[in-house]
Amino acid sequence: MERYLNTPIKEIITSFPEVGKILEEYSIGCVPCTLGSCLLKDIVAIHNLAEDKELELMYRIEKTIYPERDIKKPVFKASKKEPDKEIRYSPPMKRLVDEHTLIKKWIGRIPQVIENVDIESESGSQLILDGLDFIRFYADKFHHAKEEDILFDYTDKNLDIIRTILADHEAARGHVKEMLKAIGEKDTNAIIGHLCAYKDLLTEHIKKEDEILYPWIDRGLSTTQVGELFAKFNEAEEKMDKGVIEKCQKFIAEAEQRIENFHRS
Amino acid sequence: MPKVHRRGRTKNRKFSPLISGIPQNAGRTKKGGSKMMDGCPGARTQDFREKETKGDESGKRQSQLRQWPIQLHLVSPEAPYYQKADVLLSADCVAFTVGDFHKDYLKGKSIAIACPKLDEGQDEYVEKIKSWIDDTKINTLTVMIMQVPCCGGLVAMAQQALQSAKRKIPVKSIVVSLQGDILSEEWVEA
């Protein structure tokens, strides 16, 4: 089993698809992950399961990989108290989660945009361009930059989980680049394809960060580090052009109406 | 002449006892029934002499205190040891209750102590906390209180100071049981 504990999860799920299903039962969503390079042992550790749940999970995975082995089933003592389901973030981490809320609003509207996309009209192409500006300035320069330039300095950047997150950021930037190119070429299919891919990528990415990455980083931060992070986020925000951020927030507030108007015309 | 602050019933400040982290039944009888205890749960006589002491008692621990004075009326909020520091604002009783107070909570921090039940002049406390945030630019504030309802006033003071301050900092609240266990540890919303 030692060998598999140090094996990337994608390899394990490819060889033993049942393991992916088992992980999902414990709310560990590795199956749709684009990279899957995290080691099984790190995945189990990072999810902070109750001790009895972790024992049960490891027993089931081992039994799936080695069905012929006589593995002693651990005695599962019921947890004295259910682990707290509500995630409590430190103030700097809470700020990142709140920024996700605004990004999720735009992601939630992408299906309507795709349904009504008309790149030939001025209002149609402007809506897509404004959406891309929101992604570039708010989701990327404002939010992702805080993670890459500040937050990840408090972690080991060589860890698979951090590499996966950074790869997601790069993939998102790639979609934006391709969308800008497609707008110039008035290639509606390419715009739809990349917008869809961006939506799927960011939906999974935000879930990963809110439910796994941020709580994990929070568990390792000292009080002093929480204060430092909070101050560094403030400094970074002060350096940003406030007008651009307000424009992004305004775009989200008005996006629904613009899509609605577009749909009616 | 510096103003003399005496201990006695606080005349002009009243804070809600319903502070997060303090059990809602803190003043009830042991059975948790509907009958409320007579008198204040913070002053009720309780005897812990039967409690078994565990842990290694050998060796001596160094004090982690790195300043004087410590009482909130006596400290200057702009003292050098508060500059950009992680500050611990502790209710008076906490240090006597938590066995490893120095090692686990005081280490690396600057401190001030106060009693939200007995101290007078608590408006000055709010001003001093605000000065820590705005003038001394402290990094974080950790407020450690007992589980008794009256102790919640210290967290309320920190929240009031934070709301009126120009700067924002992370503020944490830690609630300690009468027998020294940590009941809750959470970040406070501004």
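Bear in mind that the values in this text are calculations on the coordinates, not laboratory data. Keep in mind it's a predicted model, so treat the numbers as computed, not measured. In this analysis, Cβ positions are derived from the backbone assuming ideal geometry, glycine residues included, and neighbour counts consider all displayed protein chains.
On a straight-distance basis, which aspartates and glutamates could pair with A:Lys186 in a cross-link, Cα separation under 19 angstrom, same-chain partners fewer than 8 positions away excluded?
A:Glu115, A:Asp118, A:Glu120, A:Glu122, A:Asp130, A:Asp133, A:Glu178
Can you tell me the 0 to 90 degree angle between the C-alpha axis of helix A:160-184 and the longest principal axis of chain A, rounded to 10?
Result, in degrees: 20.
Roughly speaking, what is the stretch gain from A:Leu55 to A:Asp70, that is 0.36 nm per residue apart minus the C-alpha to C-alpha distance, in nm to one decimal? Provide the component values of the computation, followed by the final result.
Numbers: separation 15, 0.36 × 15 = 5.40 nm, distance 1.61 nm.
Value of the extension gain: 3.8 nm.
How long are the semi-axes of the ellipsoid equivalent to the protein assembly as shown, from square roots of 5 times the Cα gyration tensor eigenvalues, in whole Å, largest first?
47, 32, 20
Based on the Cα coordinates of region B:80-187, what is the per residue volume of their convex hull in Å³? All intermediate terms of the calculation are to be shown ahead of the outcome.
Numbers: hull volume 9.6 nm³, N = 108.
Here the figure is 89 Å³ per residue.
Charges only on Cβ, +1 for Lys and Arg, -1 for Asp and Glu: so what's the dipole of the protein assembly as shown about the Cα centre, in debye to the nearest 20?
Roughly 2160 debye, rounded to the nearest 20.
So which of A:Lys239/B:Lys109; A:Lys21/A:Lys73; A:Lys94/B:Lys168; A:Lys41/A:Lys63; A:Lys177/A:Lys208; A:Lys208/B:Lys172 end up more than 22 Å apart by C-alpha?
Too far apart for the 22 Å limit: A:Lys239/B:Lys109; A:Lys177/A:Lys208; A:Lys208/B:Lys172.
Rounded to the nearest 10 degrees, what's the angle between the helix A:242-264 long axis and the longest principal axis of chain A, both from Cα atoms, 0 to 90?
80 degrees
How compact is chain A by the rule of thumb for globular proteins, expressed as Cα Rg over 2.2 N^0.38 Å?
Cα Rg divided by the expected 2.2 N^0.38 Å: 1.16.
Would you mind finding the longest exposed-site-free stretch of chain A, with exposed trypsin sites (Lys or Arg not before Pro) meaning DSSP loop and at most 13 other Cβ atoms within 10 Å?
Answer from the scan: A:187-265.
Longest segment of chain A with no GluC sites (Glu not before Pro) in a DSSP loop having at most 16 other Cβ atoms within 10 Å?
A:186-265
Given a cut-off of under 8 Å on Cα pairs at least six residues apart, what relative contact order in percent is computed for chain A?
On the way: 191 pairs, mean separation 63.3, N = 265.
Relative CO of chain A lands at 24 percent.
Note the angle between two axes, namely the Cα long axis of helix A:188-208 and the longest principal axis of the Cα atoms of chain A, as a number of degrees from 0 to 90, rounded to the nearest 10.
40 degrees
Bins of 5 Å, beginning at zero and ending with the bin holding the largest distance: percent of Cα pairs per bin for region A:194-265, please.
Spelled out bin by bin, region A:194-265 gives 3, 12, 10, 13, 20, 19, 11, 6, 4, 2, 1, 0 percent.
Taking every alpha carbon pair in region A:2-65, what does the distance histogram look like in 5 angstrom bins from 0, in percent?
Final binned percentages: 4, 19, 35, 30, 11, 2.
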